[in-house]
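The values are calculated or read from the model by the stated rules, or taken from the named source; none is laboratory data. Since the structure is predicted, the reported quantities are computational estimates derived from the model, not experimental observations. Virtual Cβ from ideal backbone geometry, glycine too; neighbours counted across all protein chains shown.
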Amino acid sequence: MNETLKLTDANWSKAISRKEKGFTITLWLVAISVIILVMAAFLTLLVQSIPSIKANGFSFIYGRMWNPITGEFGALPFLAGTLLTSFLALLIATPFSIAVALFLGEYYKKGMMSQLLKNMIDLLAAIPSVIYGFWGLFVLIPIVRKLQIALDIPPYGVGIFSASVILSIMIMPYAISLSRQVIQMMPSDLKEAAYALGATRFEVIRKVIFPHVLSGLFAGILLALGRALGETMAVTMLVGNTNALPDSIFAPGNTMASVIANEFTEATGAVYSAALVEIGLLLFVVVAIINLVGKRIIKHLAYT
Amino acid sequence: MADPQIKWRKIKNDLFKGLVVFLSLLATLPLLLILFYILRQGFSSINWSFLTNLPKPVGESGGGISNAIVGTLIIVGTAAVMAIPLGVLAGIYLNEQRNSKVARYCDLAIDVLQGIPSIVIGIIIYEWVVRTMGGFSAFSGSAALALMMLPFIAKTTQETLKLVPNHLKEASLALGVPYYKTVLKVIVPAGLSGILSGAILGIARVIGETAPLLFTAFGNPFMSTELSKPMSSLPLVIFNYATSPYEDWHQLAWGASLILILIVLTLNMITKFIESRWKIQF
């Protein structure tokens, strides 16, 4: 009697430890497979772009001509287009982002207005990229065209400027959410000390809050930049898709993401499709670095 | 008060506040314009036949987007089935083994994965799935969307489980409950609302993605429910019709946009509801 009990006891604990092991191993396998997935993604891009790296070398980065028929692959117009649209978008979005972050994090922390504004900004992040592009095509482009006629420049409508405006709307929520958090996390004793010295709210914001949250704002803008660099659909629909170096911010151009979207399915020949994959590889690496630096800054903030 | 310097400081203070409020209100203007325009354009093109018919060639009226609606549900549903279990398990691992080396690298990998531009995800899945399967397919589209959902779900699971207080776990272990049961029956249920709303938000995030579908699911003018064949989806239809030169097709695209926005908004609303209803509180 006693022996059977012991036996089942032993069996039972064996079964438990087997399940226990199975459970931990499953979790471990999933974690490992996520790591492998990302490494494999990077390696796939690298391997697939080898034909282009071999054929084009460094001229890929500074070459101005992108001509698949003659086999010339210089991606400079796309690099320039991506950098121009992204930084222009940041330039437009930053003042608005900081204003909204101050509105939500400092001026009106509670109440219906701030709740409403917060929800609206969240919605801005929820709208699909292709709908931004569609709306831009039919509402923004005619306005830009009128502006261009008024400024007496060729009224393309589509171009770097239009793409940047749409991009700035799309990346705003990402810059705002982080900036708001760091402004809210700001210890109130510092602010109160400044108020006690007779500072106005503006002076507190400028001389106490801003210096304190500067790195947080920077991280937020950096993450927004990461978004902007990889954004595809809306930009593809508005940038004009001209494979030439843009000569002004109103000129049509092309970006790294949109050239992939436009040409990847039609790319014939090993070097051509490899060149497009190489653009993807560049995007992958640049965005990964920007994101990791941004996350590092945030982590650093959280510990101090 | 007579001191002009104090007066000037007060004016500057008011001016700055005015500027902040003005810019904040201006920042909401695009959203209102977009929603207004889509509602106005979309409503006129939505009717029963729009939801149940297949697209018709240019010039014939009465075309619909039923294949795109069905396609979106299938593609996103399959993606969710792939991504949610993996994402939740990865999130549990990240929370449970947070100090291990594997967890650190896994965290890093998830950060990188989250940042990969959607179009690059499209290339990666093209090389992995489309090439090996020998053609565009709905399954490859699902795989691309799953790859985009995975990091998001893992992150939200991790963040949610972080909030579950340690004493619950300790109490369970002290009662002699095995570790795996403690995780599955105590820790995960305590964070279930967060995990659930994370999963729904993950779906809402990828349902409007177009770029990763361009060279995976590819699109299909006919009704298709086979995962191994190209399949239509709402974002693809919007993109193709919006960039076409035909007025009828633009109308269809507005209708499709309205439906897509409504789906996304509903999913967002559900997560807000779940979060407010079953918030983790201890």
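General remarks:
- Taking helices (runs of 4 or more DSSP H) as the structural unit, those lying wholly within segment A:41-153 and holding at least 1 residues that are within 20 Å of B:ILE119 (Cα to Cα), of a type in the set (Gly, Ala, Ser) and touching a residue at least 40 places away in the same chain (Cβ under 8 Å) correspond to A:50-56, A:76-102, A:112-126, A:129-135.
- Criterion applied to B:LYS229, B:LYS181 was being closer than 30 Å to B:ASN95 by Cα and basic (Lys, Arg), and the one residue passing it is B:LYS181.
- The residue pairs whose first member lies in segment B:47-67 and is at pLDDT below 85, whose second member is among the acidic types (Asp, Glu), and whose beta carbons are closer than 9 Å, counting only pairs six or more residues apart or on different chains, are B:LYS56/B:ASP248; B:VAL58/B:ASP248; B:GLY59/B:ASP248; B:GLU60/B:ASP248; B:SER61/B:ASP248; B:GLY63/B:ASP248.
- Selection count where residues are buried (at least 20 other Cβ atoms within 10 Å of the Cβ) and out of contact with any Pro (no Cβ under 7 Å at 6 or more places or on another chain), scope segment B:109-118: 5
Conditions tested, residue by residue: (1) among the acidic types (Asp, Glu); (2) in a helix (DSSP H, G or I); (3) more than 7 Å from every other protein chain (Cβ to nearest Cβ); (4) farther than 30 Å from A:SER273 by Cβ.
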residue	(1), (2), (3), (4)
B:VAL81	no, yes, yes, yes
B:ASP111	yes, yes, no, no
B:ILE124	no, yes, no, no
B:LEU147	no, yes, yes, no
B:VAL183	no, yes, yes, yes
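- Matching residues in segment A:50-108 - criterion: being acidic (Asp, Glu) and away from chain B (no Cβ under 14 Å): A:GLU72
- B:ILE119 being under 27 Å from A:ILE290 (Cα atoms), touching a residue at least 12 places away in the same chain (Cβ under 8 Å), assigned to a helix (DSSP H, G or I) and not hydroxyl-bearing (Ser, Thr, Tyr): yes
This table checks each residue for (1) closer than 27 Å to B:LEU260 by Cα; (2) in contact with a Ser or Thr (Cβ under 9 Å, 6 or more places away or on another chain).
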| position | (1), (2) |
| --- | --- |
| A:LEU117 | yes, yes |
| A:ILE121 | yes, yes |
| A:ILE127 | yes, no |
| A:PHE134 | yes, yes |
| A:LEU137 | yes, yes |
| A:LEU140 | yes, yes |
| A:LEU147 | no, no |
| A:ASP152 | no, no |
| A:GLY159 | yes, yes |
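- Of all residues making up segment B:1-53, the number that are in a helix (DSSP H, G or I) and of a type in the set (Asp, Glu): 1
- Scanning segment A:254-264 turns up one or more residues that are surrounded by fewer than 22 Cβ atoms within 10 Å (Cβ to Cβ), at the interface with another protein chain (Cβ under 10 Å from one of its Cβ atoms) and not polar (S, T, N, Q).
- Meeting the requirement of 1 or more residues that are touching a Pro at 6+ places or on another chain (Cβ under 7 Å), the helices (runs of 4 or more DSSP H) wholly within segment A:157-232 are A:160-185, A:210-230.
- Considering segment A:140-165, the residues that are among the aliphatic types (A, V, I, L, M) and surrounded by fewer than 16 Cβ atoms within 10 Å (Cβ to Cβ) include one that is nearest to the other protein chains (Cβ to nearest Cβ), namely A:ILE143.
- Residues in segment B:223-275 that are assigned to a helix (DSSP H, G or I), of a type outside the set (D, E, K, R) and more than 12 Å from chain A (Cβ to nearest Cβ): B:ILE270, B:PHE273, B:ILE274.
- Leading residue by the ranking (modelled with the lowest pLDDT) among those in segment B:35-45 that are surrounded by fewer than 19 Cβ atoms within 10 Å (Cβ to Cβ) and either under 25 Å from the mean Cα position of the chain (by Cα) or not polar (S, T, N, Q) (or both): B:PHE43
- Sub-8 Å Cβ pairs linking a first residue in segment B:223-244 that is assigned by TED's automatic domain parsing to the domain that holds B:THR132 to a second residue that is among the hydroxyl-bearing types (Ser, Thr, Tyr) and in a helix (DSSP H, G or I), at least 6 apart or interchain, are B:MET223/B:SER66; B:LEU227/B:THR78; B:LEU227/B:SER142; B:SER233/B:THR72; B:LEU234/B:THR72; B:PRO235/B:THR72; B:ILE238/B:SER257, ordered by first then second residue.
- Residues of segment B:54-67 classified as out of contact with any strand residue (DSSP E or B) (no Cβ under 9 Å at 6 or more places or on another chain) and part of a helix (DSSP H, G or I), total: 1
- The set of residues in segment B:89-108 that are surrounded by fewer than 24 Cβ atoms within 10 Å (Cβ to Cβ) and either facing chain A (nearest Cβ under 10 Å) or assigned to a helix (DSSP H, G or I) (or both) comprises B:LEU89, B:ASN95, B:GLU96, B:GLN97, B:SER100, B:LYS101, B:VAL102, B:ALA103, B:ARG104, B:TYR105, B:ASP107, B:LEU108.
- If you go through segment A:64-82 and keep only what is polar (S, T, N, Q) and surrounded by fewer than 18 Cβ atoms within 10 Å (Cβ to Cβ), you end up with A:ASN67, A:THR70.
- B:VAL58 passes every criterion in (1) within 11 Å of B:LEU252 (Cβ to Cβ); (2) crowded, with 21+ Cβ neighbours inside 10 Å apart from (2).
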